[in-house]
Ligand SMILES: Cc1cc2nc3c(=O)[nH]c(=O)nc-3n(C[C@H](O)[C@H](O)[C@H](O)COP(=O)(O)OP(=O)(O)OC[C@H]3O[C@@H](n4cnc5c(N)ncnc54)[C@H](O)[C@@H]3O)c2cc1C
């Protein structure tokens, strides 16, 4: 039976940085991916920020970054707010492959086309059964997405609340502002979620919705129909759906011999559904903690809880606050959304979405009788 200090399951935005940081400190590390290629198989808006690249120690090379985009939020009445932050529309496959290069350079062993089928904790060691072999590891990092096999095998039944999403990649779109990523909120547009149009390249855009309490595909088709001016001549070349965990980080993502990260643990910013950055940072921290714990010969839950302590500030906090903002928004009517877009500044919207400085935004809204009761108080 081959033995490793750390086995990372899943080569996505969370798992690859985990394998890299574990290998970097000298832990014998194996990264296992069930797909035959490390690439962006799951649907994703593929938008992130420059700080993601900084935190991952990657250059935002031209073959990874498709274009810089401005962000704009539309109220149900069509009024909009331009946000002062720039996002990067990336080629996520190239991003993941560049991360994999770093992991390999650090000394991590990478196996593709090998699926982990089960894990058993035996005598202080993890036995990892795959389609090819059985391995032993001191610590397993579960970065295998929302339907995590690692979590299931280890009896973790707690799951972050999901939002179903569907996307169309469309060609022959005729975007009015080809450098603007548009977000649309409203109870009839996307109940308890949002719709989006993300420009990808000339004539190409991803159009998607996430909704709770309704059929995502129904809302997406309605949305496309309502945006005939930009999407009327477009053709769909990719149609996929997936769940995004937006209910915050689960309580039990650390145990004896394991750490769950990324979508498997709910390390996604709830209000935006963005997980590339927050999962990547979770990966880097988890890999280092797991690697050190394994080298020290102590892979107990107590030792691995260092992950939670280090992730809490700022990411754990941000996830909790963004969840609070999301819960507060859930009960708003379209009229109240319209009011909100009139009152809030672009900075307030960015803070709400990212879970930063909520009290300042709440204080501003307290002056507005309707929103004070229903929205502002729940932010405090
Ligand atoms: C429609 C949609 C749009 C999104 N848009 C954005 C966006 O624009 N920006 C953003 O930041 N985030 C976005 N997200 C969220 C983001 O995609 C995820 O949060 C992020 O990919 C999570 O990374 P992960 O590594 O935890 O999981 P995943 O990306 O799910 O990766 C898990 C990996 O594990 C592998 N795996 C699974 N099971 C096994 C097994 N048993 N054995 C071996 N390997 C296994 C999978 O093949 C996969 O490669 C979006 C999500 C969706 C669904």
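Kindly list the number of the only condition in (1) at pLDDT 85 or above; (2) more than 24 Å from residue 278 (Cα to Cα); (3) crowded, with 19+ Cβ neighbours inside 10 Å that fails for residue 348. The single condition residue 348 does not satisfy is (2).
Scan segment 215-268 for residues that are more than 16 Å from the ligand (Cβ to nearest atom) and part of a loop (DSSP other than H, G, I, E, B) and the total you get is 8.
Listed here are the residues, each with its yes/no results for (1) surrounded by 23 or more Cβ atoms within 10 Å (Cβ to Cβ); (2) within 9 Å of the ligand (Cβ to nearest atom); (3) under 17 Å from the mean Cα position of the chain (by Cα).
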residue	(1), (2), (3)
130	no, yes, no
134	no, no, no
137	yes, no, no
144	yes, yes, yes
151	yes, no, no
157	no, no, no
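Take the residues in segment 15-37 that are crowded, with 21+ Cβ neighbours inside 10 Å and in a loop (DSSP other than H, G, I, E, B); name whichever of them is nearest to the ligand (Cβ to nearest atom). The selected residue is 33. All conditions but one from (1) in contact (Cβ under 8 Å) with a residue 60 or more places away in the chain; (2) within 21 Å of the chain's Cα centre (by Cα) apply to residue 235; the one that does not is (2). Here segment 55-75 is the region considered, the condition is being assigned to a loop (DSSP other than H, G, I, E, B) and touching a residue at least 24 places away in the same chain (Cβ under 8 Å), and the residue that is surrounded by the most Cβ atoms within 10 Å (Cβ to Cβ) is 75. Here is a check on your reading of the model: is residue 104 assigned to a helix (DSSP H, G or I), away from the ligand (no atom under 13 Å from the Cβ) and assigned by TED's automatic domain parsing to the domain that holds residue 275? Criteria met by residue 104. The selection criterion, being assigned to a loop (DSSP other than H, G, I, E, B), within 15 Å of the ligand (Cβ to nearest atom), in the same structural domain as residue 236 (by TED's automatic domain parsing) and under 24 Å from residue 338 (Cα atoms), does not hold for residue 181.
The values are calculated or read from the model by the stated rules, or taken from the named source; none is laboratory data. None of these values were measured; they are calculated from a predicted model. Neighbour counts run over all protein chains shown; Cβ positions are idealised from the backbone, glycine included.
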